[in-house]
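Notes to accompany the following structure.
No lab work stands behind these numbers, since they all come straight from the coordinates. Every value quoted in this text rests on a predicted model; they were computed, and no experiment measured them. In this analysis, Cβ positions are derived from the backbone assuming ideal geometry, glycine residues included, and neighbour counts consider all displayed protein chains.
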Amino acid sequence: MFSRKQKHVVLKFFSMFSVIRGYNILLILLAQYLAALFIFAPELSLKDVVLDPKLFMLILACAASIAGGYIINNFYDSEKDLINRPNKSMLDKLVSQNTKLSFYFVLNFSAIIMASYVSFRAVCFFSIYIFFIWFYSHKLKRYTFIGNIISALLTITPFFILFIYYKNFTSVIFLHAVYLFLLILIRELVKDLENIKGDLTLNYKTIPIVYGVTHSKLLISFLVFFTGVTIYFILKYHDLGYMLYYFYLSFFLLSIFILLLWLVQSKKYMLGLHNLIKFIIFCGVVSIVLIDVSRIQSYLT
């Protein structure tokens with residue numbers, strides 16, 4: 001049995017894991033390595049990718065800067081989260097704000113140190129990335145739609161570092177990036193519908209508050225339509241092997257998503273729609289292993 005002190009330490013660990021969204025970071029780490037293996041550098045062996053020390057440092061720097069971003073976002077959103085997510089907020093409060101901020105600076109400093117192992121350009125990249133994460137949390141997220149776009153761009157930025165590292169860019173990579181960007185943007189807009197109460201209380205100028213719920217749903221529907229168009233072009237012009245079944249599944253789930261979006265109203269159901277988009281993204285990460293690597297190699301040559 002754990003002593004009272006040990007239980008307190010365990011709870012603090014889970015509290016910090018919740019603050020930095022450890023499950024999201026682990027998924028991003030997995031996605032980066034799979035993208036490197038099957039999309040950005042399919043000509044390299046598993047050993048060449050996994051044991052590449054510079055790639056390892058870049059991915060660790062991404063993890064540290066993203067974790068820092070979640071901390072600073074949690075810091076600025078503490079009042080809003082208390083309204084929108086009271087249970088999670090109480091868990092997060094087990095770690096003091098001073099401890100969170102100290103860990104924030106340690107993580108960002110660590111990211112810069114790890115980036116310096118790769119190159120000076122990597123240091124500049126992560127310095128700018130860390131600054132924009134802070135600026136988004138401090139200012140930009142309060143502005144109508146701009147905050148949503150910046151959040152989606154910041155989320156896909158860790159994959160942009162792979163593009164820079166491997167120095168390749170093809171239509172298949174571009175379409176995958178657009179597809180992921182649209183899914184994340186849809187997720188951000190659904191979160192706004194889910195968090196109307198807290199956003200209204202703290203004067204966040206989100207689309208549902210400024211233009212209304214109906215206009216917000218229309219915009220989400222418009223983005224889902226373009227996601228479907230992106231899926232069409234991916235399937236029509238690129239042979240990805242068995243990963244095509246993921247895109248069929250994605251199209252089916254997005255069709256259900258649109259139907260439910262217009263049928264449901266309560267916050268509980270909006271949370272379900274939010275989780276459905278997260279599930280589609282998770283399945284996309286896992287299904288990368290189904291890509292026909294030989295086809296990707298042909299696009300890169």
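With the convex hull drawn around the C-alpha atoms of region 14-68, the volume per residue stands at 73 Å³.
Expressed in Å, the radius of gyration and Dmax of the Cα atoms of region 173-218 are 12.7, 41. Normalise the Debye intensity by I(0) for region 169-301, one equal point scatterer per Cα, no solvent, then take log10 at q = 0.19 Å⁻¹ and round to two decimals. Reported log10 I(q)/I(0), two decimals: -1.02.
For the chain, what relative contact order do you get, as a whole percent, if you take Cα pairs closer than 8 Å and at least 6 residues apart?
Values: 309 pairs, mean separation 63.7, N = 301.
This gives 21 percent for the chain.
Comparing Cα centroids, region 161-200 and region 30-69 end up 19 angstrom apart.
Coupling constants for region 78-85 follow from the phi torsions by the Karplus curve (6.51 cos²θ - 1.76 cosθ + 1.60, θ = phi - 60°), and in residue order they are 4, 5, 5, 5, 5, 7, 7, 9 Hz; glycine and proline get x.
What are the trypsin sites (Lys or Arg not before Pro) within region 107-153 that DSSP puts in a loop, where the Cβ has at most 16 other Cβ atoms within 10 Å?
Numbers: sites: Arg121, Lys139, Lys141, Arg142; in loops: Lys139.
Of the trypsin sites (Lys or Arg not before Pro), the ones in loops of region 107-153 whose Cβ has at most 16 other Cβ atoms within 10 Å are Lys139.
Based on the Stokes-Einstein relation at 20 °C and a viscosity of 1.002 mPa s, and on the Kirkwood radius from alpha carbon pairs, region 29-122 is assigned a translational diffusion coefficient of 141 µm²/s. A straight chain from Asn275 to Val210 at 0.36 nm per residue would run longer than the Cα-Cα distance by 20.9 nm.
The stretch between Phe222 and Leu27 holds 67.5 nm of extra length on full extension. This uses 0.36 nm per residue minus the Cα-Cα distance.
Computed log10 I(q)/I(0) for the chain at 0.07, 0.14, 0.16 Å⁻¹: -0.29, -1.16, -1.41, from the Debye equation with unit scatterers placed on every C-alpha and solvent omitted. What shape does region 108-215 have by the C-alpha gyration tensor, where a ≥ b ≥ c are the square roots of the eigenvalues, rounded means a/c under 1.5, and otherwise prolate means a/b greater than b/c and oblate the rest? The shape class here is oblate.
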